[in-house]
Amino acid sequence: MTGTDGKADVFARDLFALEGWASLAGEIGEQQAYVFAERTSLMWLRPDAFAAGTARGVLTAAEAAGFRPVAARPVRLERCGVRALWAYMCRWATAERLMLLDAAAALGPGLLVVWTAGTSTARAAGGEPVSVRMTRLKGRNDARHREAGSLRAVAGSPNRALTMLHTTDDPADVVRELGVFCDRAERVELIRQASTHLAGALPAAVEGAVRAVEAEVPPLGLPSRHRPGRPVQAPELFVGPVESRWAALVAASHTWPLLSRTPQAAFWPEQETRSPWT
């Protein structure tokens with residue numbers, strides 16, 4: 001379920017992947033669990049996308065690109081969930097960047113959407129898993145090198161801290177992140193809803209879930225990155241009304257250090273070849 005050398009060995013020992021696979025295989029059987037992982041991609045539209053007021057535009061852009069939602073629900077991540085989600089991908093993160101991720105998640109819930117391609121085949125056009133295709137559309141987390149028309153460009157993501165959305169990189173990540181985002185009951189409900197819509201041609205309704213998130217994280221727009229006076233202090237990110245926390249988060253995302261010069265150990269060989277500094 002992954003084309004990345006060494007990743008399968010790591011995920012074979014991962015507790016979230018174990019839970020995700022158990023729920024998939026238990027609900028729809030092992031053969032269909034593989035098909036589900038190939039035919040779907042998970043997107044978490046983060047709370048910062050809702051605060052920026054661009055979440056609906058991302059959903060529209062994804063559908064325009066040929067993807068169809070098959071399930072959706074509000075999902076809130078706490079501090080440990082943040083670290084679980086990005087456990088393998090934060091090799092270069094500073095402590096400040098982790099705090100900014102926590103602050104973004106603390107704004108409120110995000111929206112978890114299960115997507116499929118607009119096709120009845122197990123893989124997307126060109127033989128690619130749906131998650132691989134969607135991740136390419138997502139765009140880079142570095143705004144300076146981001147592709148025009150990517151989902152993060154639509155979202156208005158200004159930097160590596162406020163990336164606005166997360167997607168699963170490949171089918172193995174679909175399985176693992178079902179375990180990260182949802183407890184067992186939520187996971188079973190999501191799998192059942194998605195499986196029903198995968199069997200048909202109609203999209204799942206997402207408006208109710210979008211409104212539920214917007215009720216807690218209203219669209220505020222992207223405030224100016226410049227704040228007169230003293231630098232942002234950590235408590236400002238977590239205390240006070242959502243408007244002030246959002247303004248502090250945007251300002252800090254432009255001034256706090258996000259990349260470390262000394263990365264943590266790689267989990268699989270491909271990670272050794274990638275550096276945000278080059």
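A short reminder: the numbers here are calculations on the coordinates, not readings from a lab. What you see is a predicted model; the values in this text were computed from it and never measured. Virtual Cβ from ideal backbone geometry, glycine too; neighbours counted across all protein chains shown.
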Q. So who's got an amide H within less than 5 Å of the one on Trp268, skipping anything under 5 residues away but keeping other chains? H placed 1.01 Å off N, in plane.
A. none
Q: Give the Rg (one decimal place) followed by the Dmax (whole number) of the range 173-278, computed from C-alpha coordinates and expressed in Å.
A: 20.2, 57
Q) Just Ala204, Ala25, Ala265 to compare: in a GNM of the chain, with alpha carbon springs under 10 Å, which one fluctuates most? A) Ala265
(Q) About the Cα centre, and with charges only on the beta carbon of Lys, Arg (+1) and Asp, Glu (-1), how big is the dipole of the range 7-266? Nearest 20 debye, please. (A) 760 debye
Q. Net charge near Ala61, counting Lys/Arg +1 and Asp/Glu -1 over other residues with Cβ under 11 Å of its Cβ?
A. +2
(Q) As I understand it, the dipole of the range 1-110 uses +1 on the Cβ of Lys and Arg and -1 on the Cβ of Asp and Glu, about the Cα centre. Which of Pro109, Val70, Ala22 lies farthest toward its positive end? (A) Pro109
Q: Could you tally the net charge around Glu19, taking each other residue with its Cβ under 10 Å from the Cβ of Glu19, Lys/Arg +1 and Asp/Glu -1?
A: +1
Q) Highest GNM mean-square fluctuation, the chain, Cα pairs closer than 10 Å: which of Gly66, Gly139, Gly179? A) Gly66
Q: Using Cα centres only, tell me the gap between the range 199-278 and the range 35-111 in whole Å.
A: 9 Å
Q: Grab the beta carbon distance between Glu243 and Leu18, set R0 = 30 Å, and tell me the FRET efficiency rounded to 0.05.
A: 0.15
Q. Got the relative contact order for the chain handy, in percent, Cα pairs under 8 Å and 6 or more residues apart?
A. 33 percent
Q: Calculate the spin-label point distance for Ala95 paired with Arg225, positioning each point 7 Å from the Cα along the beta-carbon direction, and give it in nanometres.
A: 2.5 nm
**Q.** the range 125-168: radius of gyration and largest Cα-Cα distance (Dmax), Å
**A.** 10.7, 32
**Q.** Over the chain - Rg/Rh using Cα atoms and the Kirkwood inverse-distance radius
**A.** 0.95
**Q.** Nearest-0.05 FRET efficiency for Arg76 and Trp268, computed from C-beta distance (R0 25 Å)
**A.** 0.25
Q. Residues in the range 89-120 near a label at Asn159, defined as backbone nitrogen under 19 Å from the 7 Å Cα→Cβ point?
A. 90-107
Q) Amide H neighbours of Val70 under 5 Å, counting only residues 5+ apart in sequence or on other chains, H built in-plane at 1.01 Å? A) Val114, Trp115, Thr116, Ala204
Q: Pick out which of Gly229, Gly108, Gly208 has the largest mean-square fluctuation in a Gaussian network model of the chain, springs linking Cα atoms closer than 10 Å.
A: Gly229
Q: Show the residues, 5+ positions off or on another chain, whose built amide H is closer than 5 Å to the amide H of Val75.
A: Gly110, Leu111, Leu112
